[in-house]
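A short worksheet on the structure shown next.
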Amino acid sequence: MFSAATQESIKFALAATSAILIALSLGWDKPYWAAVVVIVLATTESQSHALYKGWNRMVGTFAGIGIAFLLVDQLGQEPLLFLTAMTLLAGVLVYLAGCPNYGYAFQMTLVLTTLVAAMGQFDDALTFQMAVTRLEENILGIVVFSLVFATLWPESASKRFFHQIESAIDTLQQQVRRLRNNQQVEPDTLHRVKAALQPLPAQLSLPLGTSYALKYRPRHWQQSVTALMEATEALLASTLPDTQTGEAKATLDEMDNALARLGAIARTRGKPATSPASLVSRTEALATVPPSLAEATRALQRASEETDMATGLTPSNLRQPRPARPRLDLKVNTAYRLHQAVTMMAIMVVAMGLWILLPVPGGSIFPILVVALGSVLVTFPLKMNNIAFWGVTLFAVPALLQFVFLLPRLTEVWQLGGFYFLNLFLVWRLFPGPKGLLLRLLGAQLTIIMTMGAMQLTPRYDVTQSLTMMVLVWLVILVVRIVMQLLPPPVSSKS
């Protein structure tokens, strides 16, 4: 009845609105924190990614609270030492945030350390209260998100995984048939297939829910996908002579049949075939075909063998059926991550200098925004600062106008819920897909932040706070842009 983008928008708007209303009904002081948790989780690729990110968020929350208590206790009366420690901590955690598997936990550690310490105003009792409130809101946001996305148009891990596999295999099959018809493969198409397959093995290390087809032997699924990637790379290098030999034609036919079989298994969501795979196994047959085709055929053989073991059609040759836990990899993209860490520390130095020397309004809000926005923007190319600036303008102004002219007229809680549902739905629906990710994130968060006075237990419609927030966000983006221009990234992001 609804398109996939509309369904996602409805689920997101319902989850965020529900989190706000539940927090208000419980008498919690900052309901918008729960909504922000839903926003962050909804920007992930799938519910499995969201649950994994939720666990990382909780780990980062506990770690950030602990570090905030330590810093406030030891350096609460030494502002210069405190800011120095925060700057060094920002550099270390931004570097660790580049870890492919646990980066979000380190990013949240930095944000929570700053948030709890700054809003606690270096007072132990107030810091503890902020920590408890933040923990409550995080748990509420994760629970509400999980319930809504699991019950309303649920998308299981197996459905998403096999749909991506099916699409990739269909494309590979088309390229094999092009070779069979004496046509060259399409490199751009094969590169897209490779990019689509690349994240799939990591998905099998995430929560798989009730997907028995994937939970049974996920390591075999991982190795099957890896073999498909190898076959894709081999096809990229494949060239055929004008006159194909009989062995080459037979090999292409075998590859086509193998891909058709794998595609059938993907369409049945991992249901095993009636018999094990039977591909070209004679080494002399492969020795007479072009090397790239031989390599692609062997890769497809491995993919079929692993799929047979994954579906239980043949015995597994692995002692540990579960995939290994993701590692904390500190050496991936070292040069680029070091540059991000140094850039973040420079942003902290410049921003804290402005905060101390100039009458920057908002109190502790400015350093919180510096850390929250800066730690994200340094991971994007410089041009994304322009998108962030215009995104803030695009979303903050309408939110501010509604806060002034519409929200004071809403007297019932269901009216407030309707306001947030409609606004968040529009933001999510108008900017679908990966290209709209940053705009969705900015739009939803600004809608919440610019109108947070209406979410208090006793609503306050003070436009000064919202205007101050908008100016501070612009100022942070300006500082980040200047520092990133002065410190250009390394030519290559690979170490």
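The values are calculated or read from the model by the stated rules, or taken from the named source; none is laboratory data. Since we're looking at a predicted model, the values are computed, not measured. All Cβ positions, glycine included, derive from the backbone under ideal geometry; neighbour counts span all protein chains shown. All accessible areas refer to the heavy atoms of the entire protein, side chains included, with ligands and DNA or RNA removed. Shrake-Rupley method; radii C 1.70, N 1.55, O 1.52, S 1.80 Å.
Close contacts from the range 253-271, counting a first residue that is open to solvent by less than 30 Å² (accessible area, probe 1.4 Å) and a second that is of a type in the set (Gly, Ala, Ser) and assigned to a loop (DSSP other than H, G, I, E, B), with Cβ to Cβ under 8 Å and a gap of 6+ residues or different chains, come to ALA258/ALA277; ILE265/ALA273.
The single residue among LEU279, LEU313 that is assigned to a loop (DSSP other than H, G, I, E, B), modelled with pLDDT of 70 or more and either open to solvent by less than 40 Å² (accessible area, probe 1.4 Å) or closer than 25 Å to LEU214 by Cβ (or both) turns out to be LEU313. Report yes if PRO488 is part of a loop (DSSP other than H, G, I, E, B) and at pLDDT 85 or above, otherwise no. It is true that PRO488 is part of a loop (DSSP other than H, G, I, E, B) and at pLDDT 85 or above.
Look through the range 458-485, keep the residues that are among the charged types (D, E, K, R) and part of a loop (DSSP other than H, G, I, E, B), and return whichever of them is nearest to MET344 (Cα to Cα). Before the answer, list the steps.
Filtering the range 458-485 for residues among the charged types (D, E, K, R) gives 460, 462, 481.
This time we only want the ones that are part of a loop (DSSP other than H, G, I, E, B), so: 460, 462.
On the way: ARG460: 35, ASP462: 33 Å.
Top of the filtered list is ASP462.
Scoring PHE395 on the criteria (1) open to solvent by 40 Å² or more (accessible area, probe 1.4 Å); (2) of a type in the set (Phe, Trp, Tyr); (3) within 28 Å of the chain's Cα centre (by Cα) leaves a single failure, condition (1). Restricting GLN183, GLN198, GLN222 to those that are at pLDDT below 85, within 22 Å of ASN101 (Cα to Cα) and open to solvent by 50 Å² or more (accessible area, probe 1.4 Å) reduces the list to GLN198.
Consider the range 235-251 and keep the residues that are surrounded by fewer than 21 Cβ atoms within 10 Å (Cβ to Cβ) and part of a helix (DSSP H, G or I). The one that is modelled with the highest pLDDT is LEU236. Of the numbered criteria (1) closer than 20 Å to VAL94 by Cβ; (2) over 21 Å from the mean Cα position of the chain (by Cα); (3) open to solvent by less than 50 Å² (accessible area, probe 1.4 Å); (4) not aromatic (Phe, Trp, Tyr), the one GLY362 fails is (1). Screening PHE421 with (1) open to solvent by 60 Å² or more (accessible area, probe 1.4 Å); (2) in contact with a Gly (Cβ under 8 Å, 6 or more places away or on another chain); (3) of a type outside the set (A, V, I, L, M) gives one miss only, at (2).
Could you pull out every one of the helices (runs of 4 or more DSSP H) wholly within the range 1-116 that has 1 or more residues that are polar (S, T, N, Q) and open to solvent by 20 Å² or more (accessible area, probe 1.4 Å)? Reasoning before the result, please.
On the way: elements: 4-25, 31-42, 47-75, 79-96.
Because the criterion is at least 1 residues that are polar (S, T, N, Q) and open to solvent by 20 Å² or more (accessible area, probe 1.4 Å), the helices (runs of 4 or more DSSP H) in the range 1-116 that meet it are 4-25, 47-75, 79-96.
In the range 431-457, the qualifying residues are those that are over 19 Å from the mean Cα position of the chain (by Cα) and not in a helix (DSSP H, G or I), and the one that is nearest to GLU8 (Cα to Cα) is THR451.
Filter the range 201-219 for residues that are of a type in the set (D, E, K, R) and under 17 Å from ARG302 (Cβ atoms); which is modelled with the lowest pLDDT? Step through it out loud before you land on a result.
The initial filter retains those residues of the range 201-219 that are of a type in the set (D, E, K, R), namely 215, 217, 219.
Now narrow it down to the ones that are under 17 Å from ARG302 (Cβ atoms): 217, 219.
Details: ARG217: 76, ARG219: 80.
Applying the filter and picking the extreme gives ARG217.
Among the residues making up the range 462-471, a single one is touching a Leu at 6+ places or on another chain (Cβ under 9 Å) and surrounded by fewer than 14 Cβ atoms within 10 Å (Cβ to Cβ): VAL463. Hey, any hits in the range 400-418 for a residue that's under 22 Å from VAL480 (Cα atoms) and either basic (Lys, Arg) or crowded, with 18+ Cβ neighbours inside 10 Å (or both)? No, there is no match, as no residue in the range 400-418 is under 22 Å from VAL480 (Cα atoms) and either basic (Lys, Arg) or crowded, with 18+ Cβ neighbours inside 10 Å (or both).
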